[in-house]
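Step one of this worksheet: look at the structure below.
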Amino acid sequence: MDTRIGLGYDSHAFQPGVPLRIGGLTLDHPQGLAGHSDGDVLLHAVTDAILGSVAAGDIGSFFPPGDPRWKGADSAVFLNLAMEELQNAGYRLVNVDVTLILAAPKISPIAGDMRARVADLLCVSIDRVSIKAKTPEGLNLDHVAQCQAIALVERVQEPDQLRSMSDVIESQRQLEDVVEDLLSSVHGIPKRRVGSSVYDTDDIT
Ligand SMILES: [Zn+2]
């Protein structure tokens, strides 16, 4: 199996007066995350992990922060683009694992809803999305939300590719049969039994 992994990291400072968006959900909290877009720290980290897995750059290279088009944008747009890049590179997502680091609000009561939402955005089943949260103990970072994400992806085998591969194997088998027939008729070398090992294992003790 041809697999690759990607790592993503993001951080945003809390700011009063804006809605708090994390994992594609709007959370009930007095402060939101400051940012050019909706500041969804989790979706940004996952976007970078997916782009990174196929070496397709990062969120900033596709969506420059100064671009007015992305002012207040729903970060699902970024994630969709990353999934397109992944598909174009011939890969699909296996799973993502995410760690949020923030003092408040508590994530565990809504982690299930968040996983379901992120799985929906990624078009994968919920068991392929893990979301964990920690508090930034002793780091003096209570005013910031950070997120780390890692994504495993695997190459998608096109049905055409599979067919041509089995054709090659089949023609190789036929060629071997012809060679063995020739050998047995010319030199009297007995044909190998189908399915028997190439190596003689009888004398191994
Ligand atoms: Zn961000």
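So here's what we get for this one:
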{"quantity": "Solvent-accessible area of residue 137 with every protein chain in place, 1.4 Å probe, in Å² to the nearest 10", "calculated": "140 Å²"}
{"quantity": "Accessible surface ranking that places the most exposed of 113, 38, 74 first, with a 1.4 angstrom probe", "calculated": "113, 74, 38"}
{"quantity": "Cα-based helix-to-principal-axis angle, 76-88 vs the chain, degrees rounded to 10", "calculated": "10 degrees"}
{"quantity": "Paramagnetic reach from residue 92 (point 7 Å along Cα→Cβ, amide N under 12 Å) across the range 121-141", "calculated": "123-125"}
{"quantity": "Percent accessible area from carbon and sulfur atoms, the chain, protein chains only, probe 1.4 Å", "calculated": "54 percent"}
{"quantity": "Fraction in percent of alpha-carbon pairs per bin - 5 Å, the range 82-131", "calculated": "4, 20, 25, 21, 15, 9, 5, 2"}
{"quantity": "Residue 156-residue 69 FRET efficiency (beta carbon distance; Förster radius 25 Å; 0.05 resolution)", "calculated": "0.25"}
{"quantity": "Label point 7 Å beyond Cα of residue 113 along Cβ direction - residues of the range 26-61 with amide nitrogen under 11 Å", "calculated": "26-29"}
{"quantity": "Convex hull of Cα atoms in the range 1-95, direction-averaged projection (nm²)", "calculated": "6.2 nm²"}
{"quantity": "Prolate/oblate/rounded label for the range 40-100 (Cα gyration tensor, a/c 1.5)", "calculated": "oblate"}
{"quantity": "Cβ-placed point charges (K, R +1; D, E -1), dipole of the chain about Cα centre in debye, nearest 20", "calculated": "640 debye"}
{"quantity": "Spacing of the two label points (7 Å from each Cα toward its C-beta) at residue 181 and residue 25, in nm", "calculated": "6.7 nm"}
{"quantity": "Net charge contributed by nearby residues that have their C-beta within less than 14 Å of residue 77 (K/R +1, D/E -1)", "calculated": "-3"}
{"quantity": "Accessible surface ranking that places the most exposed of 91, 9 first, with a 1.4 angstrom probe", "calculated": "9, 91"}
{"quantity": "Translational D in µm²/s for the chain (Stokes-Einstein at 37 °C, 0.692 mPa s, Kirkwood Rh from C-alpha pairs)", "calculated": "162 µm²/s"}
{"quantity": "Acute angle (nearest 10 degrees) that the helix 111-122 long axis makes with the longest principal axis of the chain, alpha-carbon atoms", "calculated": "60 degrees"}
{"quantity": "Accessible area per residue, Å², the range 1-67 with all protein chains present, probe 1.4 Å", "calculated": "43 Å²"}
{"quantity": "Sequence of 41, 124, 179 from largest to smallest accessible area, 1.4 Å probe", "calculated": "179, 124, 41"}
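The values are calculated or read from the model by the stated rules, or taken from the named source; none is laboratory data. In this text, all values refer to a predicted model and were calculated from it rather than measured experimentally. Because the Cβ atoms are built from the backbone with ideal geometry, glycine has one as well, and the counts that use them run over all protein chains shown. These accessible areas exclude ligands, DNA and RNA; they are computed on the full protein's heavy atoms, side chains included. Shrake-Rupley method; radii C 1.70, N 1.55, O 1.52, S 1.80 Å.
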